[in-house]
Amino acid sequence: MALLAVPQTTPAALYGLWEVFAAVGVAWGRLTGEQAPARRIQARVVASRREPFTASLGVPIVPASSLASAAASDLVIVSDLSLAPHEDARGLWPAEASWLRARFERGAAVASVCTGSVLLAEAGLLDGWPATTHWAARSIFERCYPQVDLRPERILCPAGPEQRIVTSGGSAAWADLALYVIARYCGQPEAQRIAKIFVLGDHSDGQLPFATMTGHRYHEDGLIHRCQAWAADHYASRNPVAEMMARARLPARTFARRFAKATGYTPLGYVHALRVEEAKQMLETSDAPVEQIAHEVGYGDPAFFRRLFKRRTGITPARYRQRFGRVGWVEQR
């Protein structure tokens, strides 16, 4: 992916996209110990020349490639631009606009963050298509690009042939665009994982909904390792803690102390964590009723499951499904 930078580029979206894309297919395994293969993203900053330059707010930008030397990309993203509402952007970026048109004609998708849509409009790529931008840039479009079907109320607006044009509104919408792009190119499960790692999206419920079990803590207790491996496949059984103790052949107190020292969890807490993580996966990927999910992960009492789930995540199962079951999804209007 090419992140196109110009002198008006603001740094937050540009480097935010770069950091998030670099984490795709890598960060989840490092943080949780869970192997979750995903298609990687190689993002590069591209500008008219390769020499470093100072962009908006005095932040230095060091391009990886010039327009002339940039490799082919699946997607080109124009990040947020510092433009005053009264500004006339026509003719500001002739080389970049021409390069964008050429890339689009060769099959690349193009996208923008916030006022970056002005550069897409300048390249003629938004003519006749619905597009969004920052609400303050509406006057620029009305004055300079009236042929664009502007939808400033939208956060994400896919359009064009095969939806190869995607605009996003508001400078913070770079995060929404990032998740959409990851879901589109690397799969929704990876978009869900990235949302949790970076705590992207609606924060009104706090941080707990984004938290996850931090994987297998490294330890050298082979007996506890074997109990963990058994629990990973049998967490839904009727009494998994008793079964682990029987397999370990240790007194209850000794087993609990040894398990906690090795894993950081009590045996029951570990089972609850496994069950809740599996329930979260089911809520993210299926439409199964909460009662059915509770039963499948090992809880005969759905009310108890709901209380436990809320205690560990801060929200109800229904709210969790609403929050994470649609990551990377865009309503078509």
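The values are calculated or read from the model by the stated rules, or taken from the named source; none is laboratory data. Computed from a prediction, not measured in an experiment: that's the story for all the values here. For neighbour counting, all protein chains shown are included, and Cβ atoms are generated from backbone atoms with ideal geometry for every residue, glycine included.
Candidates in segment 279-300 are the residues that are charged (D, E, K, R) and modelled with pLDDT of 95 or more; of these, the one that is farthest from Tyr235 (Cα to Cα) is Glu291. Return a yes/no flag: does segment 148-166 have any residue that is under 15 Å from Ser82 (Cα atoms), at pLDDT below 95, under 26 Å from the mean Cα position of the chain (by Cα) and not in a strand (DSSP E or B). Within segment 148-166 (the criterion being under 15 Å from Ser82 (Cα atoms), at pLDDT below 95, under 26 Å from the mean Cα position of the chain (by Cα) and not in a strand (DSSP E or B)), the answer is no, since none of the residues qualifies. Any chance segment 73-92 includes a residue that's under 25 Å from Val20 (Cα atoms), assigned to a loop (DSSP other than H, G, I, E, B) and either free of Cβ contacts under 8 Å to residues at least 40 places away in the same chain or in contact with a Lys or Arg (Cβ under 8 Å, 6 or more places away or on another chain) (or both)? Taking every residue of segment 73-92 in turn, at least one turns out to be under 25 Å from Val20 (Cα atoms), assigned to a loop (DSSP other than H, G, I, E, B) and either free of Cβ contacts under 8 Å to residues at least 40 places away in the same chain or in contact with a Lys or Arg (Cβ under 8 Å, 6 or more places away or on another chain) (or both). Being surrounded by 15 or more Cβ atoms within 10 Å (Cβ to Cβ), within 26 Å of Tyr185 (Cα to Cα), touching a strand residue (DSSP E or B) at 6+ places or on another chain (Cβ under 8 Å) and free of Cβ contacts under 8 Å to residues at least 24 places away in the same chain holds for only one residue in Ala43, Ala47, Ala64, and it is Ala64. One residue is enough: does segment 211-231 have a residue meeting the conditions modelled with pLDDT of 90 or more and among the polar types (S, T, N, Q)? So far as segment 211-231 goes, yes, one or more of its residues are modelled with pLDDT of 90 or more and among the polar types (S, T, N, Q). When we screen Ala102, Ala38 for residues that are over 20 Å from Arg151 (Cα atoms) and free of Cβ contacts under 8 Å to residues at least 12 places away in the same chain, the only hit is Ala102.
Condition first: in contact with a His (Cβ under 9 Å, 6 or more places away or on another chain) and among the charged types (D, E, K, R). Can you find one or more residues in segment 78-94 that meet it? Checked segment 78-94: at least one residue is in contact with a His (Cβ under 9 Å, 6 or more places away or on another chain) and among the charged types (D, E, K, R).
Filtered by the rule that a residue be in contact (Cβ under 8 Å) with a residue 12 or more places away in the chain and among the aliphatic types (A, V, I, L, M), segment 303-323 gives Leu308, Ile315, Ala318.
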